[in-house]
Amino acid sequence: MLAASAVTDRVLGCVLGGAVGDALGAPFEGLWSRDIPRPEELVAGYAEFEGYPRGQYTDDTQLTVATLESITRCGHVDPADIARSIARLWRTQAVVGPGGACTAAADALLAGGDWSTAGAPIGQAGNGTAMRTAAFGLYFLYTPDALAESAAYVSRITHQDPRSIAGGVAIASAARHLAINPTSDGAALCLAVARDMHAIDPVFAELVLGLVARLAAEPRAVLEYVAWSGSREREFDEVIITPFVVPTVLAAMWCVIQHPSAWPDAVATAIGLGGDVDTLGAIVGGLMGARLGLSAIPRHLVDGVLDSTKLQGLGNRYAALINRRTVGG
């Protein structure tokens with residue numbers, strides 16, 4: 001069992017790591033790999049982002065924050081309250097770079113819809129679930145049997161497609177596993193994640209397990225598998241990570257496996273893949289923060305991310321709740 005201080009460190013690493021990775025990737029969303037700066041330039045500081053201040057994060061972090069604020073306010077996971085917390089972002093028109101599925105779900109919620117049916121319908125399998133569940137997974141640090149069902153409920157707020165729901169479960173599971181087992185190898189990580197998501201989408205779970213056999217392959221071959229998994233055919237001639245949840249989850253896990261002890265390397269690799277790189281940065285930044293703690297994230301990036309002090313305060317409150325759950329059994 002982790003000491004309370006270690007739990008706090010991992011929670012802060014996950015919350016701040018997600019925000020920092022999101023903000024690093026945001027200025028380069030939609031670009032091809034060849035148009036993204038080299039890793040050392042990426043992590044040197046925040047680039048300008050469409051007129052926003054440097055260090056601006058996007059909806060990935062905003063929805064994560066809305067989720068954690070609900071949990072810390074209620075003292076437990078209440079999907080209906082999380083849904084209201086998410087919908088308030090759209091009521092105030094505060095969302096930065098919102099996805100279509102999350103926007104449609106928020107509109108339905110604001111119109112009085114039921115949180116359990118407001119999500120985008122089956123067939124829309126975006127990554128709007130996976131982008132916000134890394135820190136959520138840490139709530140179940142010592143109650144792993146409850147993680148999959150709860151993460152599935154929270155994912156359904158915005159997406160009804162089983163692939164998206166499984167993707168939300170996958171990232172929550174990966175964060176919990178890495179926080180408890182920071183030295184875990186790729187095979188153990190994939191096995192743990194696939195086990196948690198299997199009941200929701202066994203095909204997606206098998207694709208996660210498929211990473212294991214490819215870990216020793218050349219990166220190009222692995223990325224071909226990652227980028228087009230779950231699709232009937234490749235969408236582009238070049239590898240790029242689209243907002244489809246399957247390649248997003250696989251790419252994030254591959255980056256974490258490739259760089260187990262270096263937060264900057266894992267996040268820069270994720271952003272360097274091209275495509276939906278704010279989400280990739282947010283997920284990988286959160287997962288690596290959960291694995292290595294806050295000190296693994298370059299200090300200048302933590303200090304420079306938007307609302308750094310507020311995010312650290314939220315992380316401390318969330319960690320205190322998790323530690324109380326541990327003490328209370």
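Looking across the stretch 247-283 at every residue that is acidic (Asp, Glu) and buried (at least 24 other Cβ atoms within 10 Å of the Cβ), the one that is farthest from CYS14 (Cα to Cα) is identified as ASP276. Going by what's in this entry, would HIS177 be described as within 25 Å of ASP114 (Cα to Cα) and buried (at least 24 other Cβ atoms within 10 Å of the Cβ)? For HIS177, the condition - within 25 Å of ASP114 (Cα to Cα) and buried (at least 24 other Cβ atoms within 10 Å of the Cβ) - is not met. When residues in the stretch 284-329 are screened for being small (Gly, Ala, Ser), over 22 Å from TRP254 (Cα atoms) and crowded, with 16+ Cβ neighbours inside 10 Å, 4 of them pass. I'd like to check something: does the stretch 1-19 contain any residue that is without any contact (Cβ under 8 Å) to a residue 60 or more places away in the chain, over 14 Å from GLY281 (Cβ atoms) and not hydroxyl-bearing (Ser, Thr, Tyr)? Within the stretch 1-19, one or more residues are without any contact (Cβ under 8 Å) to a residue 60 or more places away in the chain, over 14 Å from GLY281 (Cβ atoms) and not hydroxyl-bearing (Ser, Thr, Tyr). Considering only residues in the stretch 275-305 that are touching a strand residue (DSSP E or B) at 6+ places or on another chain (Cβ under 9 Å) and not in a helix (DSSP H, G or I), the one that is farthest from ASN316 (Cα to Cα) turns out to be GLY275. Working carefully through the options ARG54, ARG38, ARG73, ARG88, find the one that is at pLDDT below 95 and either surrounded by fewer than 21 Cβ atoms within 10 Å (Cβ to Cβ) or in contact with a Gly (Cβ under 7 Å, 6 or more places away or on another chain) (or both). After ruling out the rest, the residue left standing is ARG88.
Give the residue that is nearest to the chain's Cα centre (by Cα), with candidates limited to residues of the stretch 44-94 that are in a loop (DSSP other than H, G, I, E, B) and more than 17 Å from ALA23 (Cβ to Cβ). Within the stretch 44-94, the match that is nearest to the chain's Cα centre (by Cα) is VAL77. Tell me whether the stretch 149-169 contains one or more residues that are under 17 Å from the mean Cα position of the chain (by Cα), of a type in the set (Phe, Trp, Tyr) and under 22 Å from CYS255 (Cα atoms). The answer is no; no qualifying residue exists.
The values are calculated or read from the model by the stated rules, or taken from the named source; none is laboratory data. As the structure is a prediction and not an experimental result, all values here were calculated from the model. Note that we place each Cβ from the backbone using ideal geometry, even for glycine, and neighbour counts take in every protein chain shown.
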